[in-house]
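K.L.:
Below you will find the structure I want to go over with you.
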């Protein structure tokens, strides 16, 4: 049994309309979950359940709690898909205006920076509260992670965009199934 805490406002997303999302998560994984109204999600694994699937379920719940839609979070049930969560406060300090400034830099004007990272890497990005989260595979995750870290450390957007453009050929080769 594992317990995952999620923000209260995300509890409804985990449950879904008439329990549909929770039921779908359980049927895909074979793992039972219990969601309480305070934001505590209990993952119940029994003797027949796959222990790896229980760990994946924890990551899926964490991803939904960090702002991903259930459909995007369910990517984590696939092999070679990973979740990475960054605390913006670790990079920006504790001042509230610094956190919101860094969050705005990650999103970009009209969401341009966030969508560019997603489009060029294939990783999913969610900026929720004081965190930025990524879902990607073993090829796309390091590129997206480095781009996000560059922005968190204060690199200019143009520098990050150039980095992403330089990584495009490498990602395309990997997309075709060749070893890099």
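Where a number appears in this text, it was derived from the coordinates with a stated rule and is not lab data. As the structure is a prediction and not an experimental result, all values here were calculated from the model. In this analysis, Cβ positions are derived from the backbone assuming ideal geometry, glycine residues included, and neighbour counts consider all displayed protein chains.
K.L.:
Give the Debye-formula value of log10 I(q)/I(0) at each listed q (0.10, 0.16 Å⁻¹), with one equal scatterer per alpha carbon of the range 81-175, two decimals each.
P.N.:
Values returned for q = 0.10, 0.16 Å⁻¹ are -0.23, -0.59.
K.L.:
Let me ask something additional. Quick one: if you stick a label point 7 Å off each Cα along the C-beta vector at residue 166 and residue 49, how many nm between them?
P.N.:
According to this spin-label approximation, the distance is 4.5 nm.
K.L.:
Hey, another quick one. Top mean-square fluctuation among 166, 22, 105, Gaussian network model of the chain, C-alpha springs under 10 Å?
P.N.:
166
K.L.:
Order the peptides 121-134, 25-38 from the highest to the lowest mean number of other Cβ atoms within 10 Å of their residues.
P.N.:
121-134, 25-38
K.L.:
Based solely on its DSSP helices, what 222 nm [θ] is calculated for the chain when runs of n ≥ 4 H residues each add -39,500 (n - 2.57) and the sum is averaged over all residues, nearest 500 deg cm²/dmol?
P.N.:
Values: 9 runs with 93 residues, N = 180.
Roughly -15500 deg cm²/dmol at 222 nm, from the helical runs in the chain.
K.L.:
Roughly speaking, what is the stretch gain from residue 72 to residue 159, that is 0.36 nm per residue apart minus the C-alpha to C-alpha distance, in nm to one decimal?
P.N.:
Stretched out fully, the residue 72 to residue 159 stretch lengthens by 28.5 nm.
K.L.:
Expressed in whole Å with the largest first, what are the equivalent ellipsoid semi-axes of the range 26-81 derived from the C-alpha gyration tensor as the square root of 5 times each eigenvalue?
P.N.:
Equivalent ellipsoid of the range 26-81: 17, 16, 8 Å, largest first.
K.L.:
By count of other Cβ within 10 Å, fewest leading, how are 141, 176, 53 ordered?
P.N.:
Fewest-to-most Cβ neighbours within 10 Å comes out as 176, 53, 141.
K.L.:
Same structure, new question: Binning at 10 angstrom from zero up to the longest distance, how are the C-alpha pair distances of the chain distributed in percent?
P.N.:
Distribution as computed: 9, 34, 32, 20, 4, 0 percent.
K.L.:
Counting other C-beta atoms within 10 Å, which of 170, 66 has the fewest, and how do the rest follow? Let's see the in-between values first.
P.N.:
Values: 170 12, 66 22.
Listing 170, 66 from fewest to most nearby Cβ atoms yields 170, 66.
K.L.:
Whole Å is fine, so just give me how far the alpha carbon centre of the range 77-102 lies from that of the range 143-170.
P.N.:
Between the Cα centres of the range 77-102 and the range 143-170 lies a distance of 15 Å.
K.L.:
Another question, then. Would you mind calculating the gained length between residue 112 and residue 23 on full extension (0.36 nm times residue separation, minus the Cα-Cα distance), in nm to one decimal?
P.N.:
Value of the extension gain: 28.6 nm.
K.L.:
If r is the Cβ-Cβ distance from residue 37 to residue 87 and R0 is 22 Å, what FRET efficiency results, to the nearest 0.05?
P.N.:
0.30
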